[in-house]
Amino acid sequence: MTALITGATSGIGKASAELFAKNSWNLIITGRRKDHLEAVAADLQKKYKIKTICLNFDVRNLKEVVKNIDSIKGEWKNIDLLLNNAGLASGLSTIQEGNIEDWEVMIDTNIKGLLYMTRYIAPMLIEKNKGHIINVASLAGKQVYPNGNVYCATKFAVDALSKAMRMDMIQHGIRVTNIAPGLVETEFSMVRFKGDAERAKKTYENIKALSAEDIAEIIYWAASRPAHVNINDIVITPTAQANAYIVNRNTK
């Protein structure tokens, strides 16, 4: 079995790569940070004796996507699963004070990057008449929270695209799953706040947040169901999180 995982250099993507490798899947992993990507691949090959390919590109860049997907040859084209994990939040402000560059980064990564990858990998799955597409969305794609405006909009789009993909893929026997996590403690907030560690720390203050490994386990569980079983949508939160903006911060 072969999985292609985007954004595999850290967080949910890296944890998922680890779990799929542990279960003897070969991996095509992508990411923007070449050194991180190669380190992940080398570690997984050594620990689990699997085969890996590293594709170093940014999902926002259509030319890079096409070039790298076209570089997949031979048995590696026999992809069983696409995990559209690459995504981010950039900034946290009201719509009237929003940074347009932040908006474009989120739209280009979370929506267009996911679309580009799906557009060029889905035909490989269709050719086999089987496979699985798993999209990492967010609780923010179910409920809008204050100052989350554009990030939430991009994740609402992922939620909608997961439903649309399910309709388009059903005649080809391809499964589609939407994964919607709440608070997960990864590099997410450090990226959102552009390296402001103090501000990022407050996101997870006094709460037992989800870990990347928690989400990876759920992704792998969905992927490992029998072929006739499709898990359409999974929403996961920490026990201390009721919805996108109500959190009990006295439970860590």
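Go through (1) in contact with a Lys or Arg (Cβ under 9 Å, 6 or more places away or on another chain); (2) crowded, with 24+ Cβ neighbours inside 10 Å for Phe20 and report which single condition fails.
(1)
Matching residues to (1) in contact with a helix residue (DSSP H, G or I) (Cβ under 6 Å, 6 or more places away or on another chain); (2) in a loop (DSSP other than H, G, I, E, B); (3) at pLDDT below 90:
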| site | (1), (2), (3) |
| --- | --- |
| Thr186 | yes, yes, no |
| Ser189 | yes, no, no |
| Arg199 | no, no, no |
| Lys208 | no, yes, no |
| Asp214 | no, no, no |
| Ile218 | no, no, no |
| Pro226 | no, yes, no |
| Asn230 | no, yes, no |
| Val235 | no, no, no |
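Each row is one residue, and each column tells you yes or no for (1) on the phi < 0 side of the Ramachandran plot; (2) in contact with a strand residue (DSSP E or B) (Cβ under 9 Å, 6 or more places away or on another chain); (3) touching a residue at least 12 places away in the same chain (Cβ under 8 Å).
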residue: Phe20; (1), (2), (3): yes, yes, yes
residue: Asn23; (1), (2), (3): yes, no, yes
residue: Asn26; (1), (2), (3): yes, yes, yes
residue: Arg32; (1), (2), (3): yes, yes, yes
residue: Asp35; (1), (2), (3): yes, no, no
residue: Ile95; (1), (2), (3): yes, no, yes
residue: Ile111; (1), (2), (3): yes, no, yes
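Suppose the filter is within 23 Å of Ala227 (Cβ to Cβ) and hydroxyl-bearing (Ser, Thr, Tyr); does Thr2 pass it? So that I can check it myself, show each step before the final result.
On the way: within 23 Å of Ala227 (Cβ to Cβ): yes; hydroxyl-bearing (Ser, Thr, Tyr): yes.
Spelling it out, Thr2 is indeed within 23 Å of Ala227 (Cβ to Cβ) and hydroxyl-bearing (Ser, Thr, Tyr).
Considering every residue within segment 154-174, establish whether at least one is touching a Leu at 6+ places or on another chain (Cβ under 9 Å), in a helix (DSSP H, G or I) and under 19 Å from Asn78 (Cα atoms).
Yes.
Going through segment 34-71 one residue at a time, which ones are among the charged types (D, E, K, R) and either under 14 Å from Leu4 (Cα atoms) or part of a helix (DSSP H, G or I) (or both)? I'd like the intermediate steps shown before the answer.
Within segment 34-71, the subset among the charged types (D, E, K, R) is 34-35, 38, 43, 46-47, 49, 51, 58, 60, 63-64, 67, 70.
Lys34, Asp35, Glu38, Asp43, Lys46, Lys47, Lys51, Lys63, Glu64, Lys67, Asp70, listed by residue number.
Can you tell me how many residues within segment 116-130 are without any contact (Cβ under 8 Å) to a residue 60 or more places away in the chain and either in contact with a Cys (Cβ under 6 Å, 6 or more places away or on another chain) or under 29 Å from Thr237 (Cβ atoms) (or both)? Don't jump to the end; show me each part of the working.
So in segment 116-130, the residues without any contact (Cβ under 8 Å) to a residue 60 or more places away in the chain come out as 116, 118-120, 122-129.
Applying the additional criterion that residues be either in contact with a Cys (Cβ under 6 Å, 6 or more places away or on another chain) or under 29 Å from Thr237 (Cβ atoms) (or both) yields 118.
Final tally of qualifying residues: 1.
Could you please find all residues in segment 173-206 being of a type in the set (Val, Ile, Thr), crowded, with 20+ Cβ neighbours inside 10 Å and farther than 17 Å from Ile121 by Cα? Spell out how you get there, then give the answer.
Within segment 173-206, the first condition is being of a type in the set (Val, Ile, Thr), and the residues that meet it are 174, 176-177, 179, 184, 186, 191, 203.
Next, only the ones that are crowded, with 20+ Cβ neighbours inside 10 Å stay: 174, 176-177, 179, 184, 186.
Passing the criteria: Ile179, Val184, Thr186.
Against the condition free of Cβ contacts under 8 Å to residues at least 60 places away in the same chain, surrounded by fewer than 18 Cβ atoms within 10 Å (Cβ to Cβ) and touching a strand residue (DSSP E or B) at 6+ places or on another chain (Cβ under 8 Å), how does Ile170 come out, does it pass?
Working: free of Cβ contacts under 8 Å to residues at least 60 places away in the same chain: yes; surrounded by fewer than 18 Cβ atoms within 10 Å (Cβ to Cβ): yes; touching a strand residue (DSSP E or B) at 6+ places or on another chain (Cβ under 8 Å): no.
For Ile170, the condition - free of Cβ contacts under 8 Å to residues at least 60 places away in the same chain, surrounded by fewer than 18 Cβ atoms within 10 Å (Cβ to Cβ) and touching a strand residue (DSSP E or B) at 6+ places or on another chain (Cβ under 8 Å) - is not met.
Could you please let me know if Asp108 is in a helix (DSSP H, G or I), surrounded by fewer than 18 Cβ atoms within 10 Å (Cβ to Cβ), of a type in the set (Asp, Glu) and modelled with pLDDT of 95 or more?
Working: in a helix (DSSP H, G or I): yes; surrounded by fewer than 18 Cβ atoms within 10 Å (Cβ to Cβ): yes; of a type in the set (Asp, Glu): yes; modelled with pLDDT of 95 or more: yes.
When the stated conditions are applied, Asp108 passes them.
Kindly check whether there is at least one residue in segment 217-229 that is buried (at least 18 other Cβ atoms within 10 Å of the Cβ), in contact with a strand residue (DSSP E or B) (Cβ under 9 Å, 6 or more places away or on another chain) and farther than 29 Å from Arg33 by Cα.
No - not one qualifying residue is present in segment 217-229.
Go through segment 1-25 residue by residue and tally those that are of a type in the set (Ser, Thr, Tyr), within 17 Å of Asp214 (Cβ to Cβ) and touching a Ser or Thr at 6+ places or on another chain (Cβ under 9 Å).
The number of residues fulfilling the criteria is 1.
The values are calculated or read from the model by the stated rules, or taken from the named source; none is laboratory data. Quick caveat: nothing in here was measured; it's all calculated off a predicted structure. For neighbour counting, all protein chains shown are included, and Cβ atoms are generated from backbone atoms with ideal geometry for every residue, glycine included.
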